[in-house]
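Colleague: Okay, handing you the structure first.
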Amino acid sequence: MGVPERLGHLKRSLREFAAQTYALREMIVVVDGGCETARAAIRGAVAALSRTDIKVVEPAGKQTLGALRNLAVREARGQLLCTWDDDDFYHPERLERQVQALLQPGVNATALTEVIQFFPAERRIYLTNWMATPMRVVAGTVMWRRTALVDYPEDGEAAKSGEDMVMLSQLHARGGFHLMDGLAYLYVYVCHSVNITGQAHHRMLVEKLSISKGMIRRREADLRAGLSAHDFGAGELVFEGNNGPAFIVQT
């Protein structure tokens, strides 16, 4: 969205893209409306990086989220595609790990079954497991082959919210969908004041999908190592289970 409130998120996202360990990458930044001042700031933030692998696209008029995602796919040059929302956190190995999974024989798509949920205002993080959901994975972590020939819906209610569920359904129907387990730290799903889905949605996810403090503690060493690559800002950060705090990540 071409609004001032999103610029800080975008700048962080650009830095995390630049820090990826996988070399053959490209980012398509699609700017959805907004004001010219904010759009100019977005163009400036990208230009300041002096990178040839980041492209800004500014479509005319109002389009649905599904149409914007399809536009990004058309503008991308690569044969492997993935979503990259501007307001979430990405581990430096996110692309590399998923490409490794996607290049296995018979695999058309891959996504994470677990992610970290972050509530900055409370300095709390949770680990949510999505295996019990209809798609079994987090939509924002999907990577797929262009040859899978899937599209986001561009019309109707699903094109405005829920477009990723339609696309995931198509990928599941194609077969060869690889589930990536135990790598929650590759993606941090952030709850903030301008989420499209709203804070109530994030609360619901934690209530229904977060794992217990006992399970978190059994994985503490691995989680600490993975989370060390993320910048959560200064201050005490509590790793919370669905039945109470598990441990302190940083101070």
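Colleague: So how many residues does segment 166-194 have that are outside any strand (DSSP E or B) and either modelled with pLDDT of 95 or more or surrounded by 14 or more Cβ atoms within 10 Å (Cβ to Cβ) (or both)?
Modeller: Residues flagged as outside any strand (DSSP E or B) and either modelled with pLDDT of 95 or more or surrounded by 14 or more Cβ atoms within 10 Å (Cβ to Cβ) (or both) within segment 166-194 amount to 19.
Colleague: Could you check segment 101-165 for strands (runs of 3 or more DSSP E) lying wholly inside it with 2 or more residues that are farther than 13 Å from L205 by Cα and in contact (Cβ under 8 Å) with a residue 40 or more places away in the chain?
Modeller: Of the strands (runs of 3 or more DSSP E) lying wholly inside segment 101-165, those with at least 2 residues that are farther than 13 Å from L205 by Cα and in contact (Cβ under 8 Å) with a residue 40 or more places away in the chain span 109-112, 143-145.
Colleague: Residues in segment 37-52: is at least one assigned to a loop (DSSP other than H, G, I, E, B), over 16 Å from the mean Cα position of the chain (by Cα), over 30 Å from A225 (Cβ atoms) and touching a residue at least 24 places away in the same chain (Cβ under 8 Å)?
Modeller: For segment 37-52, residues assigned to a loop (DSSP other than H, G, I, E, B), over 16 Å from the mean Cα position of the chain (by Cα), over 30 Å from A225 (Cβ atoms) and touching a residue at least 24 places away in the same chain (Cβ under 8 Å): absent.
Colleague: So E240 clears everything in (1) among the acidic types (D, E); (2) more than 22 Å from R15 (Cα to Cα); (3) in a loop (DSSP other than H, G, I, E, B) except one condition, right? Which one?
Modeller: (3)
Colleague: Something else now. Of all residues being of a type in the set (V, I, T) and part of a helix (DSSP H, G or I) in segment 70-100, which is farthest from D231 (Cα to Cα)? Just the residue, please.
Modeller: Residue satisfying both the conditions and the ranking: V73.
Colleague: Could you please give the count of residues in segment 233-251 that are at pLDDT 95 or above and either touching an Asp or Glu at 6+ places or on another chain (Cβ under 9 Å) or farther than 19 Å from T113 by Cβ (or both)?
Modeller: So the count comes out to 11.
Colleague: Right, another one. Among the listed residues V99, V138, V115, which satisfies the condition of being surrounded by fewer than 22 Cβ atoms within 10 Å (Cβ to Cβ), β-branched (V, I, T), at negative phi and modelled with pLDDT of 95 or more?
Modeller: V99
The values are calculated or read from the model by the stated rules, or taken from the named source; none is laboratory data. None of the values given here were measured: they were computed from a predicted structure. A quick note on method: Cβ atoms are made from the backbone with ideal geometry, for glycine too, and the neighbour counts reach across all protein chains shown.
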